[in-house]
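Peer 1: The structure is given below, and queries will be raised subsequently.
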Amino acid sequence: MPDMLPFIDLQAQRARLGADLEEAMLKVVRGGQYILGPEVEACERALAAFAGTKHCLTCASGTDALALALMVKGLRTGDAVLCPTFTFAATAEVVAWLGAAPVFCDVESTTFNLDLDSAAQALSSARAAGLEPKALIAVDLFGHPAPLPEIEAFCAAHGLWLLDDAAQAFGASLDGRRLGGFGTMTATSFFPAKPLGCYGDGGALTFDDDGLVEPLRSLRVHGQGTDKYDNIRIGMNGRMDTVQCAVILEKLKIFDAEIAARDEVAGRYAEGLFDLVHVPRVRKGCMSTWAQYTITLPKGTNREAFQAHLREAGVPTAVYYGRPLHRQTAYAHYPTAGNGCPVAEDLSRRVVSLPMHPYLEPAVQDRIIDAARDALGAL
Ligand SMILES: Cc1ncc(COP(=O)(O)O)c(C=O)c1O
């Protein structure tokens, strides 16, 4: 059996970044300001500049970024938050933390992102359950921007505020505008496997509203007032480590080039596979970060057999997501949009993600494409 290829090759990126990256981390170790050191503020300034927003607040993870956004807006029991069901659990988890209810919406089969017709139905489902719809969390799944201008208009029409969960899509753009400034706040994750990842957990919120800066900073450090021992809000310990901010500062320098390389990899996959499977297409005006390259197998294809065939050829695959949230034990009791979420259910049985990273050599990628074509021919 051939050696297994990496699904994401973080060591290739590390080799490219070389000694500068290690030096930046060592500088933090030597400097001793491990919590809220100078790299944290520098990282926040750089991320805000990159996203084109006035403000950025780093935090301990993408999950904490989402939670801080909901906390600062005072979400509470009786409130409903619309969100897609085809996403990672964190999107809905944070809503439930605050005693509010996620209301699950279906997604589009082509982009895997929120379907606004389903969101309109979800408003009625929420009200029928005695809940007050307050917000909508859009998700830019697999790095592809959700239809954010349309979602903003929907939110404005229905009195909702918008949180963009760009955990997988920091760096993506829509109509020439980077994600980060759509809606009231945008959350992102720097989990190592994300397109912009650090060497541990990390996350950030970007936003333009000056009024959010002070309460978000306070919530991030136990609801502090004049200091940590003056507690004026219920907060959390949600800071991002200085050393992780140093890593992000280094990785940001090559991020644009990496996004372009990911786009090339995606183009090569599409060329090699479009006649056999549904390949993801980028909507006009959008640039994806390709956090995942996710194909949709033809109806009836045995996905496990497809994955086993690729595994035999040394090609790892993954399924994001094998069960939509409204079908998960912890979330099944929350409301779901009117007629359920048939698209998400269908996708959850047919999607499979292929290795994706900016350092995938064409020859290696051809091997993956050949293996996928062989598998589909054999099934
Ligand atoms: C869509 C989405 N939201 C939120 C998160 C949470 O981010 P983190 O793992 O940094 O807490 C993730 C991470 O996988 C994600 O994919």
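The values are calculated or read from the model by the stated rules, or taken from the named source; none is laboratory data. In this text, all values refer to a predicted model and were calculated from it rather than measured experimentally. Neighbour counts are summed over all protein chains in view; Cβ atoms, including those assigned to glycine, are modelled from backbone coordinates with ideal geometry.
Peer 1: Quick check on region 353-372. Is at least one of its residues closer than 30 Å to VAL103 by Cβ and in contact (Cβ under 8 Å) with a residue 24 or more places away in the chain? Lay out the reasoning, then the answer.
Peer 2: Going residue by residue through region 353-372, those that are closer than 30 Å to VAL103 by Cβ are 353.
Now narrow it down to the ones that are in contact (Cβ under 8 Å) with a residue 24 or more places away in the chain: 353.
The answer is yes, given that some residue of region 353-372 is closer than 30 Å to VAL103 by Cβ and in contact (Cβ under 8 Å) with a residue 24 or more places away in the chain.
Peer 1: Inspect all residues belonging to region 72-81 and state whether any of them is free of Cβ contacts under 8 Å to residues at least 40 places away in the same chain, surrounded by fewer than 21 Cβ atoms within 10 Å (Cβ to Cβ) and β-branched (Val, Ile, Thr).
Peer 2: Going residue by residue through region 72-81, those that are free of Cβ contacts under 8 Å to residues at least 40 places away in the same chain are 74, 76-77.
Going one step further and asking which of them are surrounded by fewer than 21 Cβ atoms within 10 Å (Cβ to Cβ), we end up with 74, 76-77.
Still in the list and also β-branched (Val, Ile, Thr): 77.
Taking every residue of region 72-81 in turn, at least one turns out to be free of Cβ contacts under 8 Å to residues at least 40 places away in the same chain, surrounded by fewer than 21 Cβ atoms within 10 Å (Cβ to Cβ) and β-branched (Val, Ile, Thr).
Peer 1: With the requirement that a residue be within 24 Å of GLU108 (Cβ to Cβ) and of a type in the set (A, V, I, L, M, F, W, C), what does region 252-288 give you?
Peer 2: Across region 252-288, the qualifying residues are ILE259, VAL265, ALA266, ALA270, LEU273, PHE274, LEU276, VAL277, VAL279, VAL282, CYS286, MET287.
This table checks each residue for (1) touching a residue at least 40 places away in the same chain (Cβ under 8 Å); (2) touching a helix residue (DSSP H, G or I) at 6+ places or on another chain (Cβ under 8 Å); (3) assigned by TED's automatic domain parsing to the domain that holds VAL94.
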{"residue": "PRO149", "(1), (2), (3)": "no, no, yes"}
{"residue": "GLU152", "(1), (2), (3)": "no, no, yes"}
{"residue": "GLY159", "(1), (2), (3)": "no, no, yes"}
{"residue": "LEU163", "(1), (2), (3)": "yes, yes, yes"}
{"residue": "PHE170", "(1), (2), (3)": "yes, yes, yes"}
{"residue": "GLY176", "(1), (2), (3)": "yes, no, yes"}
{"residue": "GLY180", "(1), (2), (3)": "yes, yes, yes"}
{"residue": "THR186", "(1), (2), (3)": "yes, yes, yes"}
{"residue": "PHE191", "(1), (2), (3)": "yes, yes, yes"}
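Peer 1: In this structure, is THR63 within 14 Å of the ligand (Cβ to nearest atom), of a type in the set (S, T, N, Q) and either in the same structural domain as MET185 (by TED's automatic domain parsing) or touching a residue at least 40 places away in the same chain (Cβ under 8 Å) (or both)? First the steps, then the outcome.
Peer 2: Details: within 14 Å of the ligand (Cβ to nearest atom): yes; of a type in the set (S, T, N, Q): yes; either in the same structural domain as MET185 (by TED's automatic domain parsing) or touching a residue at least 40 places away in the same chain (Cβ under 8 Å) (or both): yes.
Taking the combined requirement at face value, the residue satisfies it.
Peer 1: Same structure again: For region 52-62, enumerate the residues that are surrounded by 24 or more Cβ atoms within 10 Å (Cβ to Cβ) and not in a strand (DSSP E or B).
Peer 2: GLY62
Peer 1: Let me ask you something else. Can you tell me which residue within region 190-248, out of those that are charged (D, E, K, R) and within 16 Å of the ligand (Cβ to nearest atom), is surrounded by the most Cβ atoms within 10 Å (Cβ to Cβ)? Step through it out loud before you land on a result.
Peer 2: To start, the set of residues in region 190-248 that are charged (D, E, K, R) comprises 194, 201, 208-210, 214, 217, 220, 227-228, 230, 233, 239, 241.
Still in the list and also within 16 Å of the ligand (Cβ to nearest atom): 194, 201, 220, 239, 241.
Values: LYS194: 22, ASP201: 19, ARG220: 26, ARG239: 20, ASP241: 22.
By that ranking, first place goes to ARG220.
Peer 1: Now for a separate question. Consider ALA42 carefully, then state whether it is crowded, with 24+ Cβ neighbours inside 10 Å and either assigned by TED's automatic domain parsing to the domain that holds HIS158 or touching a helix residue (DSSP H, G or I) at 6+ places or on another chain (Cβ under 7 Å) (or both). Talk me through it step by step, then tell me what you get.
Peer 2: Numbers: crowded, with 24+ Cβ neighbours inside 10 Å: no; either assigned by TED's automatic domain parsing to the domain that holds HIS158 or touching a helix residue (DSSP H, G or I) at 6+ places or on another chain (Cβ under 7 Å) (or both): yes.
For ALA42, the condition - crowded, with 24+ Cβ neighbours inside 10 Å and either assigned by TED's automatic domain parsing to the domain that holds HIS158 or touching a helix residue (DSSP H, G or I) at 6+ places or on another chain (Cβ under 7 Å) (or both) - is not met.
Peer 1: Condition test on ASP175, is it charged (D, E, K, R) and on the phi > 0 side of the Ramachandran plot? Spell out how you get there, then give the answer.
Peer 2: Details: charged (D, E, K, R): yes; on the phi > 0 side of the Ramachandran plot: yes.
It is true that ASP175 is charged (D, E, K, R) and on the phi > 0 side of the Ramachandran plot.
Peer 1: Further question: Name every residue in region 326-345 that is assigned to a helix (DSSP H, G or I), closer than 23 Å to HIS278 by Cα, under 21 Å from the mean Cα position of the chain (by Cα) and in contact (Cβ under 8 Å) with a residue 40 or more places away in the chain, in order of residue number.
Peer 2: Let us first name the residues in region 326-345 that are assigned to a helix (DSSP H, G or I), namely 326-327, 342-345.
Next, from what is left, pick out any that are closer than 23 Å to HIS278 by Cα: 342-345.
Next, from what is left, pick out any that are under 21 Å from the mean Cα position of the chain (by Cα): 343-345.
Within region 326-345, VAL343, ALA344 qualify.
Peer 1: Could you run through region 176-189 and say how many residues are away from the ligand (no atom under 16 Å from the Cβ) and β-branched (Val, Ile, Thr)? It would help to see each step written out before you state the result.
Peer 2: We begin by selecting, within region 176-189, every residue away from the ligand (no atom under 16 Å from the Cβ); these are 176-178, 181, 184.
Filter once more, keeping what is β-branched (Val, Ile, Thr): 184.
Of the residues in region 176-189, 1 are away from the ligand (no atom under 16 Å from the Cβ) and β-branched (Val, Ile, Thr).
Peer 1: Another one. Looking only at strands (runs of 3 or more DSSP E) that fall completely inside region 84-166, which ones have 3 or more residues that are within 16 Å of the ligand (Cβ to nearest atom) and closer than 23 Å to GLY181 by Cα? Reasoning before the result, please.
Peer 2: Values: elements: 101-105, 132-139, 161-165.
The qualifying strands (runs of 3 or more DSSP E) are 132-139, 161-165.
Peer 1: Taking only region 293-313 into account, find how many residues are out of contact with any helix residue (DSSP H, G or I) (no Cβ under 8 Å at 6 or more places or on another chain), outside any helix (DSSP H, G or I) and small (Gly, Ala, Ser).
Peer 2: Qualifying residue count for the region: 1.
Peer 1: Kindly indicate the residue of region 261-315 that is away from the ligand (no atom under 16 Å from the Cβ), closer than 24 Å to ASP346 by Cβ and among the β-branched types (Val, Ile, Thr) and also surrounded by the most Cβ atoms within 10 Å (Cβ to Cβ) among those meeting that condition.
Peer 2: Selected residue: ILE295.
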